[in-house]
Amino acid sequence: MVDQRKPAEARSAKQAKYRALIEATKRKDEKHGYYLEKVQRLFDETDHYVIGQFGLRACIITGLLSTGPQKTTSKEQAKTLSKAELMGVCGHIFMEGNPGTAKTLTCELLGQLIDARKTGFPTFSRIQGRSDLVPAEILGFAKPDREGGSEVFQYGPVFSNIVLFDEINRARSTAQGALFEAMAEAQVTLDITYTENRQQKRTQPLPRPFYVIATQNPLDQEGTNVLPIAQLDRFTFQATSTGITTSQAVEVSQLNEKVYSERLVEPVITLDELLEIRQYIHDNIQELEITKQYAARLSKVLVPYNDLPKDERETDEDYLNAYKKIHSTKIRLAGKDYFIQEIVQDALYPRMTIVTADTAKTQAFLQGRNYVIPEDVAKEYKPASRHRVSLSNRAESLAQRRLITDSRRRIDKVFIIDSVLELVLNNMPIPFEKK
C-alpha cells in the first residue's frame, strides 16, 4: 500500500517508531541502545537536508558501520593500532543514479556529522573523476626536504575518513586503480625520488575508519571507462538513487530556500564513538551457522551447478530442488521470457557470500537484536550482489535500449539484475539447523 501521508508526516512516524525500538533495546542492553541512539541521530540529521532517498541513506550508513574484508595484520600494526582501528576498513559503496538525486549531498552531509578534529585529517574529501586525473592527485606524493634531508609528504585527498570519488567512470584505469590498495588495506604506497636518482617506496597508513564512496552516472556513458566486475567486487554494496514524488519535489524546493540561512550542520558523533560502535557490532552480534549457510546458498545458486568444483557442490535436497526451480523459471523482460542462464554470464559468489553474511550483522544491530536472522541476510542480499553479477551480451544489449515496462519501470542493468535476485530470494528456502 502506498503511503498517502505527506513526506514530513511519514518521516515523523518513522522516527517515532524507531525511538520506541531504541527504548526497548535499552531495557535489554543499555550499551546497544545507546549506540542505536547515536546512529539514529545520523538518520535524523540527514532527514533535515535530504528528501526521500531513505534506501540510499540507509545503505550508506550501513556501509559505514560494516567491516569490509580485512587483510592479515603484521606485528608492527598490532603494536601501534587498537583492535577497533585494525578493523578500520569500512564496507565501501558504489552508487549509481541520475544527476540531482542527492548522492554527493548525502556523502558531504555524513562527513559534516562526524567529528574528527583530533585526527589532523579532514573527515571528508571529494575527488572529481576526469580523463586527465593522475594517481598522484589522489594519493599525494613524497619528496626529500632539500634542506634537512628528511621526507616531506604532500597528502592527497585519499587521506580522509570518508572519500567520495565522484563519477569514477570518467577517470582512466590508472587513476581508478590508485584507490584499490587504499580500499583493501587502509594504506598507500608512495614512491620517494631522491636527488641522486635513488627511489624508495614508503607505505603510509590512512585515517581510521576509512570509507570510500564512488558514484557513477548511468545516463551519459560517452568517454567513460567502465569498471570491470573484478574491480567492482572490491565494493561492499552497490546502492541506487531513485526519483522523487511531486510532493517531495515541492519540499525540496522549499528546503533549498531556507537551509543555508536557518540551519547549520553540527557533528552528532565522534570518530571514537564510531569506532566503538563498529567494534561492538563485530564482537557482540552473533551469527548462526544457518544464516551463513543461507548467504552462501543465495550467492552460489547463480553459478551453474556443473561449473562449480566438485567439493563445492551442494548435496542438500532442498537446495537442489530450489536450484532447479530457479533455473527453470523464466523472467519476463520487454515482452519476452528469459531463463537465468540467458541473462547471467557470471557471478563472483565467494566475496558475495562473505559480504552478505557480514553486513547482516549490521542490519541485526540496527533492528535492536544481538543475533542475525535470515531476514537480515535477505535484506542485504541485493545491494551486496548487484555489482557482482555480470550480464550476458543479450541482456547487456537489452539494458542499453532502456525500454519501459508495463509498470512504468525502465529496463536498465540494475532492473534486470534485481529481477534475477528477486527470483532467487522468492525461491530459496531458509535452511534449518538439523538436530
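The values are calculated or read from the model by the stated rules, or taken from the named source; none is laboratory data. Because the structure is a prediction, the values reported are computed rather than measured. Here the Cβ is made from the backbone with ideal geometry for all residues, glycine too, and neighbour counts use every protein chain on show.
A few points about this structure:
- Taking the range 303-322 as the range and being out of contact with any Lys or Arg (no Cβ under 9 Å at 6 or more places or on another chain) and under 16 Å from L421 (Cα atoms) as the test, the residues that pass are V303, P304.
- Residue within the range 390-413 that is at pLDDT 90 or above, surrounded by 14 or more Cβ atoms within 10 Å (Cβ to Cβ) and within 30 Å of H282 (Cα to Cα) present: no
- Positions within the range 280-314 being among the hydroxyl-bearing types (S, T, Y) and more than 16 Å from M428 (Cβ to Cβ), in sequence order: Y280
- Those residues of the range 326-365 which are more than 18 Å from D418 (Cα to Cα), surrounded by 20 or more Cβ atoms within 10 Å (Cβ to Cβ) and either under 16 Å from the mean Cα position of the chain (by Cα) or modelled with pLDDT under 90 (or both), in sequence order: A357, D358, T359, A360, K361, T362, Q363
- Residue that is nearest to T236 (Cα to Cα) [pool: residues in the range 331-357 that are among the small types (G, A, S) and not in a strand (DSSP E or B)]: A357
- Residues in the range 51-88 that are modelled with pLDDT under 80, surrounded by 16 or more Cβ atoms within 10 Å (Cβ to Cβ) and aliphatic (A, V, I, L, M): I51, L81, A84, L86, M87.
- Filtering the range 305-330 to residues that are under 30 Å from L403 (Cα atoms), assigned to a loop (DSSP other than H, G, I, E, B) and among the hydroxyl-bearing types (S, T, Y) leaves only T329.
- Flag for D376 being in contact (Cβ under 8 Å) with a residue 40 or more places away in the chain, within 28 Å of H32 (Cβ to Cβ) and charged (D, E, K, R): yes
- Residue ID - surrounded by the most Cβ atoms within 10 Å (Cβ to Cβ), chosen from residues in the range 122-137 that are within 18 Å of the chain's Cα centre (by Cα) and either at positive phi or hydrophobic (A, V, I, L, M, F, W, C) (or both): I127
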